[in-house]
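Asks: Pasting a structure below so you can have a look.
The values are calculated or read from the model by the stated rules, or taken from the named source; none is laboratory data. All of these numbers come straight from a predicted model, not from anything done at the bench. Note that each Cβ is placed from the backbone with ideal geometry, even for glycine, and that neighbours are counted across all protein chains shown. For the accessible areas, the whole protein counts, side chains as well, though only heavy atoms, and no ligand, DNA or RNA atoms are used. Shrake-Rupley method; radii C 1.70, N 1.55, O 1.52, S 1.80 Å.
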Protein chains: 2
Amino acid sequence: MSAQQQPAAPPNPVLIFSTVQGYQRVYALKAAVDLDLFTAIAKGSHTAAEIATACNAAERGVRILCDALVVMGFLTKAGDRYSLTSDTAFFLDSRSPAYLGRAFTFLLHPTQLTHFEQLGAAVRKGGTPDDQGNLAPDDPIWIEFAKGMAPMMVPAAQAIAGMLAAELGSRPRVKILDIAASHGFFGITVAQKLSQAEIYALDWANVLEVAKENAAKHGMAGRYHLMPGSAFDVEYGTGFDAILITNLLHHFEPAANEKMLKKAYAALNPGGQVVILEFVPNDDRVSPPVPAMFSLTMLGSTPQGDAYTLAEYGTMCRNAGFEAPRLVPLEPMPQSLVVARKPF
Amino acid sequence: MSAQQQPAAPPNPVLIFSTVQGYQRVYALKAAVDLDLFTAIAKGSHTAAEIATACNAAERGVRILCDALVVMGFLTKAGDRYSLTSDTAFFLDSRSPAYLGRAFTFLLHPTQLTHFEQLGAAVRKGGTPDDQGNLAPDDPIWIEFAKGMAPMMVPAAQAIAGMLAAELGSRPRVKILDIAASHGFFGITVAQKLSQAEIYALDWANVLEVAKENAAKHGMAGRYHLMPGSAFDVEYGTGFDAILITNLLHHFEPAANEKMLKKAYAALNPGGQVVILEFVPNDDRVSPPVPAMFSLTMLGSTPQGDAYTLAEYGTMCRNAGFEAPRLVPLEPMPQSLVVARKPF
């Protein structure tokens with residue numbers, strides 16, 4: 001049978017149906033987190049009846065939810081016993097230091113959902129139909145980000161700290177600017193590795209309260225300096241050895257990012273580096289899946305934000321005076337570092 | 001290196017992040033349908049600029065949306081040109097007879113979303129916290145189902161009609177009861193294959209208006225009889241050669257289903273068959289994915305509904321007097337037929 005004669009596969013609507021039903025997966029995971037179901041399993045409840053008792057829920061409801069969580073990849077099932085996967089145990093046991101359950105408050109904030117219910121309008125306009133999306137000064141959603149998203153940033157924070165420690169460890173003084181400091185853990189992790197480092201944390205004043213508290217908890221208060229305000233407006237000062245710009249540039253158009261990068265360039269010592277944490281899709285813009293989809297997240301929630309490719313960051317960095325940046329993958333994390341040096 | 005010494009994979013939060021962000025995929029597909037973007041591509045627009053013009057939208061918004069739709073599997077991309085997959089062309093071109101875009105009104109009805117926002121409460125209670133979920137008499141959501149979901153039911157309707165035509169084609173008279181007739185296309189498709197068949201359609205009175213209109217459009221009005229009301233309360237009569245129960249039994253507990261099956265048994269001629277269209281998971285209840293996940297859909301939206309296994313349907317059918325049922329898969333569709341005969 002030649003290729004032309006092979007019958008086409010019968011039409012299959014399952015991808016359409018499953019995609020639309022995807023909201024049920026969102027709320028299944030949220031319900032499990034709200035019930036602290038993963039912690040109950042971690043503590044030794046394994047059958048639906050045992051988990052139901054531990055979670056004060058109906059056995060029937062727990063059985064159906066747990067079966068769905070198996071389909072979704074968060075649990076395994078052997079006979080009638082449910083167990084955690086290693087990732088679920090690491091991130092969704094509420095006793096874990098890496099617990100991600102609090103991130104749901106940010107990720108499923110009513111503002112985020114509302115932006116996406118209006119996605120058609122955003123496509124028509126080319127950006128959020130809201131005036132500024134999430135970018136208004138002191139938008140309280142960034143408090144939720146700071147409180148919930150830190151565990152997802154640990155591998156990136158450790159990678160940044162390791163990189164800077166290798167380069168700057170022998171210097172008597174190190175001065176780091178942490179732009180969009182949020183929870184503060186990028187700068188704090190650097191300060192833990194570099195005992196001589198002074199950290200200057202920039203973010204909205206309300207968000208910096210979270211960073212300040214975390215810095216104090218980790219004994220960094222004396223080396224942790226607050227710079228409240230917009231990254232476009234605050235004076236950075238000078239003499240920095242490295243400037244971190246994490247989870248920020250995706251919110252803005254390239255011209256705005258170049259403006260910020262020029263400020264960073266001016267604030268860095270010669271040979272200093274800007275370290276950008278971002279979702280960086282390939283040049284095709286449709287791979288890998290998570291960085292590529294992040295562009296849509298920005299379309300829905302910002303006027304002109306995007307997930308930029310390395311080539312696009314290269315243009316922005318070079319236009320600001322930097323050398324061509326290098327990409328540092330953080331796999332399996334979906335984000336990467338884009339690191340560019342100010343020439344000596 | 002022995003198995004014990006192999007390092008564990010680093011913790012990976014991508015499944016958690018992607019699942020929670022899944023609401024963005026829901027609304028991306030909805031936005032594309034609302035903009036009639038797939039039809040624009042089908043008509044010959046392929047670049048973001050061309051599609052934007054056709055859809056009266058911003059090129060930037062269309063570019064980002066189309067890239068997301070590539071990641072999601074609904075489009076392909078070559079250079080800067082987007083094309084439809086064969087399934088997208090079949091189901092999402094609004095000129096296609098199989099167009100599924102209208103199903104989104106049912107699948108994303110505010111009532112459905114609200115049920116899932118309350119899923120934690122449903123797990124605690126073991127069923128929807130609403131009194132009757134979607135099961136109140138004349139609930140208008142079933143009008144939306146009838147108006148939008150018919151294209152997804154075409155393969156099942158054709159399978160049912162083919163099966164009944166093979167068995168009943170030589171008989172001078174054929175009498176079919178179509179319970180939960182909805183859009184009517186199960187009975188209508190049978191009537192198209194069996195010109196001697198009289199169809200008795202049972203559903204809520206408001207829903208039967210949709211079925212009646214579809215029957216008239218297909219020239220079946222003279223052989224199409226309406227039986228408005230609840231399948232639990234309406235008298236079925238007798239002398240039926242086959243009884244269809246489509247997309248209905250999953251809404252109820254087994255005892256209620258046995259009651260309905262006993263009524264069907266009494267209404268069938270000896271040798272007659274009940275033909276049940278359902279999501280039927282395997283005995284493990286966690287495969288295949290779509291039928292297994294359907295149990296959660298019922299937990300969220302009904303007091304006691306579920307996706308039952310073939311073994312469970314076997315028990316219900318035998319308790320109602322039927323022979324052991326057989327499973328008829330309808331792959332690639334996610335549903336199956338469960339067919340049980342009344343003994344001669």
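Asks: Spot the failing condition for residue A:285; the list is (1) open to solvent by less than 30 Å² (accessible area, probe 1.4 Å); (2) without any contact (Cβ under 8 Å) to a residue 40 or more places away in the chain; (3) not hydrophobic (A, V, I, L, M, F, W, C), and only one is missed.
Replies: (1)
Asks: If you check B:311, B:340, B:266, which single one turns out to be surrounded by 23 or more Cβ atoms within 10 Å (Cβ to Cβ) and either in contact (Cβ under 8 Å) with a residue 12 or more places away in the chain or in a loop (DSSP other than H, G, I, E, B) (or both)? Walk me through it before giving the result.
Replies: Values: B:311 fails: surrounded by 23 or more Cβ atoms within 10 Å (Cβ to Cβ); B:266 fails: surrounded by 23 or more Cβ atoms within 10 Å (Cβ to Cβ).
Every option except B:340 fails the conditions.
Asks: Here are B:300, B:305: which of them is within 14 Å of another protein chain (Cβ to nearest Cβ), surrounded by 21 or more Cβ atoms within 10 Å (Cβ to Cβ), touching a helix residue (DSSP H, G or I) at 6+ places or on another chain (Cβ under 9 Å) and assigned to a helix (DSSP H, G or I)? Before you say what the answer is, go through the steps one by one.
Replies: Values: B:305 fails: assigned to a helix (DSSP H, G or I).
Result of the check over B:300, B:305: B:300.
Asks: Ok, one more. Is the range A:105-112 home to any residue that is outside any loop (DSSP other than H, G, I, E, B), over 21 Å from residue B:20 (Cα atoms) and not hydroxyl-bearing (Ser, Thr, Tyr)?
Replies: Here is the first cut: in the range A:105-112, the ones outside any loop (DSSP other than H, G, I, E, B) are A:105-107, A:110-112.
With the extra rule that they be over 21 Å from residue B:20 (Cα atoms), the set shrinks to none.
No, every residue in the range A:105-112 fails to be outside any loop (DSSP other than H, G, I, E, B), over 21 Å from residue B:20 (Cα atoms) and not hydroxyl-bearing (Ser, Thr, Tyr).
Asks: If you scan the range B:112-129, which residues turn out to be open to solvent by 30 Å² or more (accessible area, probe 1.4 Å), touching a helix residue (DSSP H, G or I) at 6+ places or on another chain (Cβ under 7 Å) and closer than 17 Å to residue A:58 by Cα?
Replies: B:124, B:125, B:129, listed by residue number.
Asks: Which residues, counting only those in the range B:299-314, are in contact with a Pro (Cβ under 9 Å, 6 or more places away or on another chain) and among the small types (Gly, Ala, Ser)?
Replies: Passing the criteria: B:307, B:314.
Asks: Something else about it: Under 6 Å between Cβ atoms, which residue pairs at least 6 apart in sequence (or on different chains) link something in the range B:16-29 that is more than 16 Å from residue B:104 (Cα to Cα) with a partner that is aromatic (Phe, Trp, Tyr) and crowded, with 24+ Cβ neighbours inside 10 Å?
Replies: Hits for this filter: B:16/A:91.
Asks: Based on this model, can you work out whether residue A:178 counts as within 30 Å of residue A:222 (Cα to Cα), among the charged types (D, E, K, R), touching a Phe, Trp or Tyr at 6+ places or on another chain (Cβ under 9 Å) and surrounded by fewer than 19 Cβ atoms within 10 Å (Cβ to Cβ)?
Replies: Values: within 30 Å of residue A:222 (Cα to Cα): yes; among the charged types (D, E, K, R): yes; touching a Phe, Trp or Tyr at 6+ places or on another chain (Cβ under 9 Å): yes; surrounded by fewer than 19 Cβ atoms within 10 Å (Cβ to Cβ): no.
Against the criterion (within 30 Å of residue A:222 (Cα to Cα), among the charged types (D, E, K, R), touching a Phe, Trp or Tyr at 6+ places or on another chain (Cβ under 9 Å) and surrounded by fewer than 19 Cβ atoms within 10 Å (Cβ to Cβ)), residue A:178 does not qualify.
Asks: Which one is surrounded by the most Cβ atoms within 10 Å (Cβ to Cβ) among residues in the range B:5-38 that are farther than 18 Å from residue B:95 by Cβ and more than 9 Å from chain A (Cβ to nearest Cβ)?
Replies: Keep residues of the range B:5-38 that are farther than 18 Å from residue B:95 by Cβ, which gives B:5-31.
Okay, now just the ones that are also more than 9 Å from chain A (Cβ to nearest Cβ), so B:5-7.
Values: B:5: 6, B:6: 8, B:7: 6.
Selected residue: B:6.
Asks: Taking the residues in the range B:71-87 that are over 16 Å from residue A:20 (Cα atoms) and either within 7 Å of chain A (Cβ to nearest Cβ) or part of a helix (DSSP H, G or I) (or both) as candidates, determine which candidate is least open to solvent (accessible area, probe 1.4 Å).
Replies: It comes out as B:77.
Asks: So the check is Cβ under 6 Å with 6+ separation or different chains; which pairs have a first residue in the range A:326-337 that's within 13 Å of chain B (Cβ to nearest Cβ) and a second one that's open to solvent by 20 Å² or more (accessible area, probe 1.4 Å) and of a type in the set (A, V, I, L, M, F, W, C)?
Replies: A:330/A:159; A:334/A:290; A:334/B:14
Asks: Here's a follow-up. Does residue A:272 meet the test of being more than 8 Å from chain B (Cβ to nearest Cβ), buried (at least 18 other Cβ atoms within 10 Å of the Cβ) and part of a strand (DSSP E or B)? If you could, list the steps in order and put the result at the bottom.
Replies: Values: more than 8 Å from chain B (Cβ to nearest Cβ): yes; buried (at least 18 other Cβ atoms within 10 Å of the Cβ): yes; part of a strand (DSSP E or B): yes.
When the stated conditions are applied, residue A:272 passes them.
Asks: Further question: Scan the range B:47-69 and give yes if some residue there is buried (at least 23 other Cβ atoms within 10 Å of the Cβ), more than 7 Å from chain A (Cβ to nearest Cβ) and part of a loop (DSSP other than H, G, I, E, B), otherwise no.
Replies: No: zero hits.
Every residue, every condition in (1) within 12 Å of chain A (Cβ to nearest Cβ); (2) under 30 Å from residue B:235 (Cβ atoms), yes or no:
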residue: B:95; (1), (2): no, no
residue: B:98; (1), (2): yes, no
residue: B:109; (1), (2): yes, no
residue: B:144; (1), (2): no, yes
residue: B:156; (1), (2): yes, yes
residue: B:161; (1), (2): no, yes
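Asks: Still on this model: Yes or no: residue B:41 at pLDDT 95 or above, surrounded by 20 or more Cβ atoms within 10 Å (Cβ to Cβ) and facing another protein chain (nearest Cβ under 8 Å)?
Replies: Answer is no for this residue.
Asks: Let me ask something additional. From A:236, A:200, A:224, A:265, grab the single residue that is within 23 Å of residue A:314 (Cβ to Cβ), touching a Gly at 6+ places or on another chain (Cβ under 8 Å) and of a type in the set (Ser, Thr, Tyr). Don't jump to the end; show me each part of the working.
Replies: On the way: A:236 fails: touching a Gly at 6+ places or on another chain (Cβ under 8 Å); A:200 fails: within 23 Å of residue A:314 (Cβ to Cβ); A:224 fails: within 23 Å of residue A:314 (Cβ to Cβ).
The match here is A:265.
Asks: Condition check: touching a residue at least 40 places away in the same chain (Cβ under 8 Å), in a loop (DSSP other than H, G, I, E, B) and either surrounded by 20 or more Cβ atoms within 10 Å (Cβ to Cβ) or of a type in the set (A, V, I, L, M) (or both). Does residue B:133 satisfy that?
Replies: Numbers: touching a residue at least 40 places away in the same chain (Cβ under 8 Å): yes; in a loop (DSSP other than H, G, I, E, B): yes; either surrounded by 20 or more Cβ atoms within 10 Å (Cβ to Cβ) or of a type in the set (A, V, I, L, M) (or both): yes.
For residue B:133, the condition - touching a residue at least 40 places away in the same chain (Cβ under 8 Å), in a loop (DSSP other than H, G, I, E, B) and either surrounded by 20 or more Cβ atoms within 10 Å (Cβ to Cβ) or of a type in the set (A, V, I, L, M) (or both) - is met.
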